[in-house]
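Structure record follows, encoded as structure tokens.
The values are calculated or read from the model by the stated rules, or taken from the named source; none is laboratory data. Note that the coordinates shown come from a computational prediction; the quantities given were computed from them, not determined experimentally. When we count neighbours, we look across all protein chains shown, and the Cβ atoms used for this are built from the backbone with ideal geometry, even at glycine. We work out accessible area using only protein heavy atoms, side chains counted, and drop any ligands, DNA or RNA first. Shrake-Rupley method; radii C 1.70, N 1.55, O 1.52, S 1.80 Å.
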Amino acid sequence: MTTYRSFINGKWIESSSGKTIPNINPADTNDIIGEAQLCTREEAKSAIEAAYGAFKGWKRTPAPARGRILTRMARLMEDHKEELAQLLSHEEGKTIGEARGEVQRGTNVVEFCAGETRRLNGETIQSELPANFAYTIKEPHGVVGIITPWNFPIAIPVWKLAPALAAGNTVVFKPASNTPATAVRLVELFIEAGIPDGVLNLVIGSGSTVGDEIVSHPAVRAISFTGSTEIGLKMYADVAKRGIPFQAEMGGKNPVVVLEDCDLDLAVEHTAQGAFGSTGQRCTASSRAVVMEPIAEQFVEKIVARAKAFKLGPGLDPSSEIGPSVDEGQFNTVLKYMDIGKEDGATLLCGGKKAEGDGIENGYFVEPTVFDHVTPDMRIAREEIFGPVLSVLRVKSFEEAMQVANDTEYGLSSSIFSNDYNSITRFIDEIESGMTHVNSPTTGGEAHIPFGGIKATGVGPREQGSTALDFYTELKVVYVDYTGRKREGNLY
Ligand code: UN1
């Protein structure tokens with residue numbers, strides 16, 4: 001059985017905790033892929049110290065030279081695409097097609113950030129004094145803590161690691177403990193790409209020990225987190241006490257607004273992809289369909305047929321279209337929300353229970369679920385479920401659609417289905433979300449385009465794209481006086 005270890009100061013370590021957690025295939029719980037050793041607080045501390053020790057050398061390495069390592073990393077990810085995708089599908093459960101897409105997206109991000117190392121420019125600024133000028137330099141923070149979730153265990157780590165490293169930070173990376181295999185493989189590839197000892201440290205462990213050490217250690221100068229709102233906001237409060245930069249990408253309750261004039265089949269297909277793809281385990285998932293009453297009956301009829309047509313199965317089986325929930329905890333959470341929906345009075349149209357069938361008996365499979373007549377006050381309309389569950393909310397006017405769509409604490413993504421330019425433009429103006437899509441699913445994004453949300457979804461600068469390095473750099477302002485003379489007059 002494979003053992004997943006942490007990587008500290010250029011070495012794979014044998015943890016002294018004696019604690020391990022099994023890496024279980026969520027499509028078949030009899031299949032134990034390996035086990036991860038959990039780090040102690042002391043080991044996390046030594047990882048932070050190693051990163052601290054490596055910082056000066058990495059900062060001094062010319063940015064394009066750091067970029068060359070990232071370029072090699074992108075090539076290695078490309079060369080190992082199929083292997084990474086299979087590992088990802090095996091331990092996380094998503095379908096092999098989704099996994100390949102994720103690896104490609106991660107590769108694109110690394111490639112993009114490699115290019116950014118040749119553009120780490122500041123600005124030169126004219127002074128109002130003669131023979132004076134000012135300029136700005138983008139500098140790394142120092143040690144950065146990177147804490148990532150299980151649902152995109154390749155793409156999310158690399159879209160934080162690549163800009164952090166490009167900018168010259170050193171890193172302590174804590175992946176989700178239930179997806180250690182992909183984290184270890186990524187770090188192995190970074191080593192092969194030439195990352196120097198101490199620059200990238202991997203610490204596998206629990207939030208209450210390893211996570212807490214990262215958040216509280218004085219050498220950690222910035223923290224980037226993706227995960228649940230509950231944990232993110234708690235971390236934000238803890239990090240605030242230290243006054244260091246914090247970036248978090250948390251929950252979503254993304255609406256799809258379906259107007260009467262839309263192409264209904266397109267709206268149904270894209271809503272289904274957004275709601276049920278990745279088993280609903282993405283913060284950009286389409287979890288609320290806000291549908292105009294006159295087309296609601298047709299919409300639900302078609303989307304129920306579509307939901308029932310998906311083939312559930314192990315992600316590694318190429319014919320599977322939807323994989324399992326990631327683990328027992330997530331599986332139970334999704335089933336609990338199905339009960340909550342029924343108790344709150346929503347109409348269950350399909351799904352609502354564990355999925356049965358040949359080859360999926362031992363996995364955490366749930367049926368794609370559609371609830372109709374959901375009202376904005378119901379918990380299934382307000383809380384992030386992270387499973388293949390769609391709530392349909394019927395509305396009578398565009399104004400009501402916008403009011404319902406925006407009636408959420410979150411603000412990550414959204415989409416509209418319509419062919420009316422004025423309605424679309426009005427929607428773009430009024431929707432409260434960091435990203436919005438026109439006639440396409442709420443999910444996904446491209447490596448060179450900023451990604452992130454507003455309201456309780458996000459804190460700090462956007463990730464990826466032109467803004468990818470914003471969080472990972474500090475601005476130093478330099479004033480240069482070349483008069484060689486004492487200043488006269490009013491100084492300020
Ligand atoms: C995507 O929609 O393609 O945790 C990625 C999440 C997001 C990533 C979504 N941070 O689901």
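Surface listing: LEU349, LEU76, LEU88 arranged by accessible area from highest to lowest gives LEU349, LEU76, LEU88, probe 1.4 Å.
The figure for SER177 is an accessible area of roughly 30 square angstrom, using a 1.4 Å probe on the protein chains alone. Listed by chain and number, the aspartates and glutamates whose alpha-carbon sits under 17 Å from that of LYS302, ignoring those within fewer than 8 places in the same chain, are GLU260, ASP261, ASP263, ASP265, GLU269, GLU293, GLU367, ASP372. The percentage of C-alpha pairs in region 341-492 whose separation is greater than 24 Å is 55%. Reducing region 162-181 and region 88-146 to their Cα centroids gives an inter-centroid distance of 13 Å. Value of Rg to Rh for region 381-454, rounded to two decimals, is 0.95; Kirkwood radius and Rg both from alpha-carbon coordinates. Computed over protein heavy atoms with a 1.4 Å probe, the accessible surface of region 409-492 works out to 55 Å² per residue. Every Cα-Cα pair of the chain was included, and the share exceeding 42 Å stands at 21 percent. Can you run the Rg to Rh ratio on region 121-173? Use alpha carbon positions and the Kirkwood inverse-distance Rh. Checking Rg against Rh, the ratio lands at 1.28. To put it simply, the accessible area of the chain at a 1.4 Å probe is 51 percent carbon and sulfur. By the compact-protein rule of thumb, 2.2 N^0.38 Å, the alpha-carbon radius of gyration of region 261-301 corresponds to a ratio of 1.20. The share of alpha-carbon pairs in region 85-138 lying farther apart than 17 Å comes to 62%.
Taking all pairs of different Cα atoms in region 419-466, averaging 1/r and flipping that mean, what Kirkwood radius in angstroms comes out?
For region 419-466, inverting the mean 1/r across all distinct Cα pairs yields 12.1 Å.
For LYS59, LYS45, give me the order by solvent-accessible area with a 1.4 Å probe, most accessible first, ignoring ligands, DNA and RNA.
So, going from the largest accessible area down, we get LYS59, LYS45.
Heavy-atom accessible area, probed at 1.4 angstrom with all protein chains present, ranks MET1, MET402 as MET1, MET402, highest first. Here's the list of aspartates and glutamates a cross-link from LYS174 could span, going by alpha-carbon distance under 14 Å and ignoring same-chain residues fewer than 8 apart: GLU43, ASP212, GLU213. Kirkwood Rh over Cα pairs of region 138-215 into Stokes-Einstein at 4 °C, 1.567 mPa s: D in µm²/s? My calculation gives 103 µm²/s for D.
Seen from a random direction on average, the alpha-carbon convex hull of region 22-101 projects onto 7.4 square nanometres.
Peptides 133-144, 115-126, 423-434 ordered by packing proxy, namely the average of other Cβ atoms within 10 Å per residue, highest first: 133-144, 423-434, 115-126. In the assembled protein chains, VAL172 presents an accessible area of approximately 0 Å² (probe radius 1.4 Å). Normalised radius of gyration (Cα atoms, divided by 2.2 N^0.38 Å) for region 1-151: 1.40. Taking the helices alone, the chain has a mean residue ellipticity at 222 nm of -12000 deg cm²/dmol, built from -39,500 (n - 2.57) per DSSP H run of at least 4 residues and averaged over all its residues. With 21 Å as the limit on Cα-Cα distance, the pairs of LYS19/LYS336; LYS94/LYS308; LYS342/LYS455; LYS253/LYS308 that go past it are LYS19/LYS336; LYS342/LYS455; LYS253/LYS308.
When the surface is traced with a 1.4 Å probe over the full set of protein chains, CYS350 keeps roughly 10 Å² accessible. The DSSP beta bridges internal to the chain are antiparallel in roughly 45% of cases.
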